[in-house]
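Inspection log for the structure reproduced underneath, given as structure tokens.
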Amino acid sequence: MKTILTLSILLCIIAHSAHSEPSQNSVETDIAVIKTEIKNIKESMNTSFANVQKNFANVQKNFDSIQKNFDRQNNIIIACIGIPMVILTIGATIWGILAHRKSRKEDTLQNQIETLTQEIETLKQQRIVS
């Protein structure tokens, strides 16, 4: 029993010495290591953020080029629709003007025919009477 008690006291002393306070030197080296690790982490985060900003700049450039392409396509679509519409509008206007002139000419010719027909009838009646 004495041996067990002596061994347990000896083990407690060894365990206590293993868990004793670290020396000032080891604490300073640990702090220095932690500071360098934090510095490395900050640098890697800064480079990561710089890369993210570059990626956003590239995305913005791509978006601008896509916007220009859409603008060009819109202009092409407007031209493809607008130019034929203008041509059709001008053609319809000219067609309407020509049709109106033709109908006016026909109306004047019809009026002349009617007046001439009336004159012929009056001349016929005058000849018959005379």
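The values are calculated or read from the model by the stated rules, or taken from the named source; none is laboratory data. Here the structure is a predicted model, which means the values were calculated and not measured. Using ideal geometry, Cβ is built from the backbone for each residue, glycine included, and neighbour counts are taken over all protein chains shown. For accessibility, only protein heavy atoms count, side chains too; no ligands or nucleic acids. Shrake-Rupley method; radii C 1.70, N 1.55, O 1.52, S 1.80 Å.
Could you grab me the full set of residues in the range 81-91 that are open to solvent by less than 90 Å² (accessible area, probe 1.4 Å) and within 26 Å of the chain's Cα centre (by Cα)?
GLY82
Residues being small (Gly, Ala, Ser) and open to solvent by 80 Å² or more (accessible area, probe 1.4 Å): count how many of those fall in the range 27-70.
Of the residues in the range 27-70, 0 are small (Gly, Ala, Ser) and open to solvent by 80 Å² or more (accessible area, probe 1.4 Å).
Which is loosely packed, with under 10 Cβ neighbours inside 10 Å and assigned to a helix (DSSP H, G or I), of GLN126, GLN73?
GLN126
Which residues, counting only those in the range 52-80, are small (Gly, Ala, Ser) and more than 15 Å from the chain's Cα centre (by Cα)?
ALA57, ALA79 - these are the residues of the range 52-80 that are small (Gly, Ala, Ser) and more than 15 Å from the chain's Cα centre (by Cα).
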